[in-house]
Amino acid sequence: MAFTVVSNSFKDGDYLSKDFILSADFGFGCAGGNKSPHLKWSDAPAGTKSFALTCYDPDAPTGSGFWHWLVVNIPPDLSELAEGAGSAGGAMPGGALQTRTDFGAPGYGGPCPPGGDHPHRYLFTVFALKAERINVP
(Lines give C-alpha, C1' and ligand atoms only; values in the text may rest on other atoms or scores of the structure.)
Protein backbone atom coordinates (compact mmCIF):
# COMPACT_ATOMS: atom_id res chain seq x y z
CA MET A 1 0.00 0.00 0.00
CA ALA A 2 1.19 3.52 -0.76
CA PHE A 3 1.02 6.40 1.71
CA THR A 4 -1.63 8.68 0.17
CA VAL A 5 -3.07 12.14 0.81
CA VAL A 6 -6.53 13.24 -0.35
CA SER A 7 -8.87 16.16 0.32
CA ASN A 8 -12.60 16.82 0.42
CA SER A 9 -11.78 20.48 -0.34
CA PHE A 10 -10.13 19.99 -3.75
CA LYS A 11 -8.98 17.34 -6.22
CA ASP A 12 -5.39 16.91 -7.37
CA GLY A 13 -4.71 19.38 -10.17
CA ASP A 14 -7.79 21.56 -9.47
CA TYR A 15 -7.76 25.26 -8.73
CA LEU A 16 -8.48 26.04 -5.09
CA SER A 17 -11.85 27.69 -4.52
CA LYS A 18 -12.19 31.18 -3.08
CA ASP A 19 -12.69 29.76 0.45
CA PHE A 20 -9.03 28.71 0.48
CA ILE A 21 -7.53 31.84 -1.17
CA LEU A 22 -5.75 34.46 0.94
CA SER A 23 -8.06 37.01 2.55
CA ALA A 24 -7.97 40.77 2.00
CA ASP A 25 -6.65 41.16 5.59
CA PHE A 26 -3.16 40.34 4.32
CA GLY A 27 -3.09 43.22 1.84
CA PHE A 28 -1.83 41.32 -1.22
CA GLY A 29 -4.89 42.03 -3.36
CA CYS A 30 -6.81 38.79 -2.88
CA ALA A 31 -10.21 38.48 -1.23
CA GLY A 32 -10.71 34.85 -0.27
CA GLY A 33 -11.72 33.09 2.92
CA ASN A 34 -8.16 32.03 3.90
CA LYS A 35 -9.50 28.73 5.20
CA SER A 36 -7.10 25.78 5.33
CA PRO A 37 -8.37 22.83 3.30
CA HIS A 38 -9.38 19.42 4.61
CA LEU A 39 -6.56 16.87 4.26
CA LYS A 40 -6.72 13.13 4.94
CA TRP A 41 -3.92 10.58 4.72
CA SER A 42 -3.84 6.80 4.84
CA ASP A 43 -1.50 3.82 4.83
CA ALA A 44 1.29 5.51 6.80
CA PRO A 45 4.42 3.38 7.11
CA ALA A 46 4.74 1.12 10.15
CA GLY A 47 6.61 2.83 12.96
CA THR A 48 5.33 6.33 12.19
CA LYS A 49 5.60 8.39 15.40
CA SER A 50 4.27 11.73 14.14
CA PHE A 51 3.34 13.60 10.99
CA ALA A 52 4.39 16.92 9.49
CA LEU A 53 2.53 18.90 6.85
CA THR A 54 3.64 21.54 4.37
CA CYS A 55 2.02 23.62 1.67
CA TYR A 56 4.57 25.00 -0.77
CA ASP A 57 4.30 27.12 -3.93
CA PRO A 58 7.29 26.30 -6.17
CA ASP A 59 6.11 28.87 -8.75
CA ALA A 60 6.26 31.98 -6.54
CA PRO A 61 8.51 34.64 -8.09
CA THR A 62 10.93 34.66 -5.13
CA GLY A 63 13.75 32.53 -6.48
CA SER A 64 13.04 29.88 -3.82
CA GLY A 65 9.26 29.41 -3.84
CA PHE A 66 6.89 30.30 -0.98
CA TRP A 67 5.88 28.33 2.14
CA HIS A 68 2.15 28.75 2.87
CA TRP A 69 1.68 26.30 5.74
CA LEU A 70 3.97 24.30 8.05
CA VAL A 71 2.74 21.97 10.79
CA VAL A 72 4.83 19.56 12.89
CA ASN A 73 4.17 17.14 15.76
CA ILE A 74 0.83 15.90 14.44
CA PRO A 75 0.07 12.85 16.64
CA PRO A 76 0.48 9.45 14.97
CA ASP A 77 -3.08 8.35 15.77
CA LEU A 78 -4.53 11.11 13.57
CA SER A 79 -5.15 10.71 9.88
CA GLU A 80 -6.80 13.97 8.88
CA LEU A 81 -7.12 17.68 9.53
CA ALA A 82 -10.53 19.28 9.28
CA GLU A 83 -11.23 22.15 6.91
CA GLY A 84 -10.25 25.36 8.73
CA ALA A 85 -8.02 23.64 11.31
CA GLY A 86 -5.00 25.75 10.34
CA SER A 87 -6.88 29.03 9.98
CA ALA A 88 -7.33 31.79 12.53
CA GLY A 89 -9.66 30.37 15.19
CA GLY A 90 -9.24 26.82 13.86
CA ALA A 91 -8.77 23.77 16.05
CA MET A 92 -5.45 22.04 15.50
CA PRO A 93 -5.09 18.66 17.23
CA GLY A 94 -3.42 18.62 20.64
CA GLY A 95 0.37 18.56 20.35
CA ALA A 96 0.43 19.79 16.75
CA LEU A 97 2.43 22.96 16.19
CA GLN A 98 2.01 25.41 13.32
CA THR A 99 5.28 27.15 12.58
CA ARG A 100 6.21 30.38 10.84
CA THR A 101 5.53 30.56 7.12
CA ASP A 102 6.82 32.97 4.50
CA PHE A 103 4.03 35.31 5.62
CA GLY A 104 6.09 35.74 8.82
CA ALA A 105 3.64 34.08 11.21
CA PRO A 106 2.36 30.58 12.00
CA GLY A 107 -0.86 29.28 10.48
CA TYR A 108 -2.28 28.75 7.03
CA GLY A 109 -1.87 31.53 4.46
CA GLY A 110 -3.77 30.87 1.27
CA PRO A 111 -2.63 31.33 -2.31
CA CYS A 112 -2.48 34.80 -3.84
CA PRO A 113 -0.19 34.85 -6.89
CA PRO A 114 0.78 38.26 -8.26
CA GLY A 115 -1.71 39.70 -10.74
CA GLY A 116 -0.92 38.67 -14.32
CA ASP A 117 1.37 35.83 -13.24
CA HIS A 118 0.95 32.31 -14.64
CA PRO A 119 -1.07 29.78 -12.59
CA HIS A 120 0.83 28.51 -9.55
CA ARG A 121 0.98 25.01 -8.08
CA TYR A 122 0.36 24.48 -4.35
CA LEU A 123 1.92 21.28 -3.09
CA PHE A 124 0.30 19.88 0.06
CA THR A 125 2.61 17.22 1.48
CA VAL A 126 2.21 15.05 4.57
CA PHE A 127 5.37 13.45 5.94
CA ALA A 128 5.34 10.32 8.12
CA LEU A 129 8.15 10.75 10.66
CA LYS A 130 10.12 8.38 12.86
CA ALA A 131 10.42 11.10 15.52
CA GLU A 132 7.70 11.80 18.10
CA ARG A 133 8.49 15.50 18.20
CA ILE A 134 10.40 18.06 16.22
CA ASN A 135 11.69 20.80 18.49
CA VAL A 136 10.97 24.10 16.80
CA PRO A 137 11.51 27.41 18.60
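The values are calculated or read from the model by the stated rules, or taken from the named source; none is laboratory data. Here the structure is a predicted model, which means the values were calculated and not measured. Every residue, glycine as well, gets a Cβ built from its backbone with ideal geometry; the counts of neighbours run over all protein chains shown. These area figures cover heavy atoms from the full protein model, side chains too; ligands, DNA and RNA do not enter into them. Shrake-Rupley method; radii C 1.70, N 1.55, O 1.52, S 1.80 Å.
Quick look at the numbers
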quantity	calculated
Using θ = phi - 60° and Karplus 6.51 cos²θ - 1.76 cosθ + 1.60, couplings along segment 7-24 (whole Hz; Gly, Pro as x)	8, 7, 8, 7, 10, 3, x, 6, 6, 6, 6, 4, 4, 9, 7, 4, 7, 5
Cα centroid separation, segment 1-52 to segment 65-127 (Å)	7 Å
Contact order relative to length of the chain, as percent, for alpha carbon pairs under 8 angstrom and 6 or more apart	29 percent
Dipole-positive endmost among VAL72, PRO114, THR101 within the chain (Cβ charges, Cα centre)	VAL72
Karplus (6.51, -1.76, 1.60) ³J(HN,Hα), θ = phi - 60°, over segment 63-73, in Hz, Gly and Pro reported as x	x, 9, x, 8, 8, 9, 6, 9, 9, 10, 6
Options LEU81, PHE10, ALA31, ranked by Cα towards positive dipole end of the chain, top entry (Cβ charges)	LEU81
Other-chain or far-sequence residues with amide H under 5 Å of GLY33's (modelled H)	ASP19, PHE20, ILE21
Among PHE28, PHE51, PHE103, residue whose mean-square fluctuation peaks in a GNM of the chain (springs only between Cα atoms under 10 Å)	PHE28
Segment 83-110 residues near the modelled ARG133 label - backbone nitrogen below 18 Å, point 7 Å along Cα→Cβ	93-100
Linear extension gain, PHE3 paired with LEU123, 0.36 nm per residue minus alpha-carbon span	41.6 nm
Total charge dipole magnitude, segment 1-111, about the Cα centre, Cβ charges on Lys, Arg, Asp, Glu only, Debye to nearest 20	180 debye
Probe 1.4 Å, protein heavy atoms only - accessible area per residue of segment 44-137 in square angstrom	53 Å²
